[in-house]
Amino acid sequence: MPVNVRDEVVYQSPQSAEERADLASICVRKLGIEIPALVDDFDNSTDRAYSGWPDRLYVLDRDGKIAYKSTPGPFGFKPAELEPVLADLLGASAAR
């Protein structure tokens, strides 16, 4: 994508779990993500389990159920939409 070239976020596909984690770290920094980000294992077991294609942001509740699912990314990633969901879940867990 031209915007990726402009923003200098063009990388080859990672060939190992370590390379994948390094790229995720770069992504978190460049996008200014302030919430914890997890990286799927190199076999993509989470992606397969949650049908995360195309890329999406998910919030899971304490029971592992999907509390929030973004629209397809990267342009569907709207971290601000996560805040009320997380506040609700954290408020509910604090009351337990």
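Quick one: 3J(HN,Hα) in Hz for the stretch 70-78, Karplus 6.51/-1.76/1.60 with θ = phi - 60°, rounded, Gly and Pro as x.
Karplus-based 3J(HN,Hα) across the stretch 70-78 equals 6, 6, x, x, x, 6, x, 7, 10 Hz.
Once every DSSP H run of n ≥ 4 in the chain is given -39500 (n - 2.57) and the sum is divided by its residues, what mean residue ellipticity at 222 nm do you get, rounded to the nearest 500 deg cm²/dmol?
Value at 222 nm, helices only, nearest 500: -12000 deg cm²/dmol.
Could you give the length gained on full extension between I35 and S13, defined as 0.36 nm per residue of separation minus the Cα-Cα distance, in nm?
Roughly 5.5 nm would be gained on extension.
Report relative contact order for the stretch 1-71 in percent, whole number only (criteria: Cα-Cα under 8 Å, sequence separation at least 6).
16
Please list, short to long, the whole-number percent of alpha-carbon pairs of the stretch 1-55 in consecutive 5 angstrom bins beginning at zero.
Bin by bin from 0 Å, the calculated values are 4, 16, 22, 26, 23, 8, 1.
So if I take the alpha carbon set of the chain, get Rg, then get Rh from the Kirkwood formula, what is the Rg over Rh ratio?
That ratio is 0.99, to two decimals.
Show me, for the stretch 33-46, the HN-Hα J-couplings you get by feeding each phi into the Karplus relation (A = 6.51, B = -1.76, C = 1.60, θ = phi - 60°), rounded to Hz, glycine and proline as x.
6, 10, 9, x, 10, 10, 10, 5, 5, 5, 8, 6, 5, 5
Of the accessible area of the chain, with the probe set at 1.4 angstrom, what percent is carbon plus sulfur?
On the way: 4240 of 7590 Å².
About 56 percent, which is the carbon plus sulfur part of the accessible surface.
Roughly how many Å² is the accessible area per residue of the chain, as a whole number, for a 1.4 Å probe?
On a per-residue basis, the chain sits at 79 Å².
Please list the non-local residues whose amide H lies under 5 Å from the amide H of L60, H modeled 1.01 Å from N, same-chain partners needing a gap of 5 or more.
Those qualifying (amide H under 5 Å, at least 5 residues apart or on another chain) are A67.
Mind putting a number on the dipole of the chain about its Cα centre? Charges go on the C-beta only, +1 for Lys and Arg and -1 for Asp and Glu, and I need it in Debye to the nearest 20.
Taking the Cα centre of the chain as origin, the dipole is about 280 debye.
The values are calculated or read from the model by the stated rules, or taken from the named source; none is laboratory data. Remember, it's a predicted structure, so these values are computed and weren't measured experimentally. Please note: Cβ atoms are built from the backbone with ideal geometry, for glycine as well, and neighbour counts cover all protein chains shown. Just the protein is used for accessible areas: all its heavy atoms, side chains included, with ligands, DNA and RNA removed. Shrake-Rupley method; radii C 1.70, N 1.55, O 1.52, S 1.80 Å.
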